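First up is the structure itself, then whatever we jot down about it.
The values are calculated or read from the model by the stated rules, or taken from the named source; none is laboratory data. What you are looking at is a predicted structure, and each value in this text was computed from that prediction instead of being measured. Cβ sites come from the backbone with ideal geometry, for glycine too, and all protein chains shown count toward neighbours.
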Amino acid sequence: MKYVDGYVLPVPRKNLPAYRRMAQEAGKVWREHGALEFRECVGDDLKTKMAASFPRTIKVKRGEAVIFSWIIFKSRAHRDAVNAKVMKDPRLAKMMDMKAIPFDSKRMAYGGFKVMVDV
């Protein structure tokens, strides 16, 4: 059964170009180490009255965009193996300087998910 790592995070709009460059490089690293898919999306239609919104959930501030991302793996074991390789990759280590990243990592939401429906 496929497995998904999911993320939601705020990025200052002025940092979106830097975030995009970082995400493109990170995506290459994950794909090279075996991830099946790597997606990064920027919020577009986030005003909702029927449920808690992403902006409210991650406490988006004025001038910030919401990023919704996911990485798909063959299974949880595959995810664990791929992520272990990714975390040792020097390209990723270079990107993870907490003083230089273009977003507030303390407000990022993350989780690993078993795929329940795959149509």
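Restricting to the range 1-29, name every residue that is hydroxyl-bearing (Ser, Thr, Tyr) and either surrounded by fewer than 18 Cβ atoms within 10 Å (Cβ to Cβ) or closer than 19 Å to ASP97 by Cβ (or both). First the steps, then the outcome.
Let us first name the residues in the range 1-29 that are hydroxyl-bearing (Ser, Thr, Tyr), namely 3, 7, 19.
Once the filter is applied, which keeps residues that are hydroxyl-bearing (Ser, Thr, Tyr) and either surrounded by fewer than 18 Cβ atoms within 10 Å (Cβ to Cβ) or closer than 19 Å to ASP97 by Cβ (or both), the range 1-29 yields TYR7, TYR19.
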Test: residue in the range 112-119 that is modelled with pLDDT under 95, surrounded by 15 or more Cβ atoms within 10 Å (Cβ to Cβ) and either among the acidic types (Asp, Glu) or not in a loop (DSSP other than H, G, I, E, B) (or both): no
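Restricting the range 1-44 to residues that are out of contact with any strand residue (DSSP E or B) (no Cβ under 7 Å at 6 or more places or on another chain) and small (Gly, Ala, Ser), which is nearest to VAL60 (Cα to Cα)? Step through it out loud before you land on a result.
Our first condition is that a residue be out of contact with any strand residue (DSSP E or B) (no Cβ under 7 Å at 6 or more places or on another chain); within the range 1-44, this holds for 14-15, 17-18, 20-22, 24-26, 28-29, 32-34, 44.
Among the residues that remain, those that are also small (Gly, Ala, Ser) are: 18, 26, 34.
On the way: ALA18: 18, ALA26: 23, GLY34: 32 Å.
Restricting to residues being out of contact with any strand residue (DSSP E or B) (no Cβ under 7 Å at 6 or more places or on another chain) and small (Gly, Ala, Ser), the top hit is ALA18.
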Residues located in the range 30-47, provided they are buried (at least 18 other Cβ atoms within 10 Å of the Cβ) and either in contact (Cβ under 8 Å) with a residue 40 or more places away in the chain or basic (Lys, Arg) (or both): TRP30, ALA35
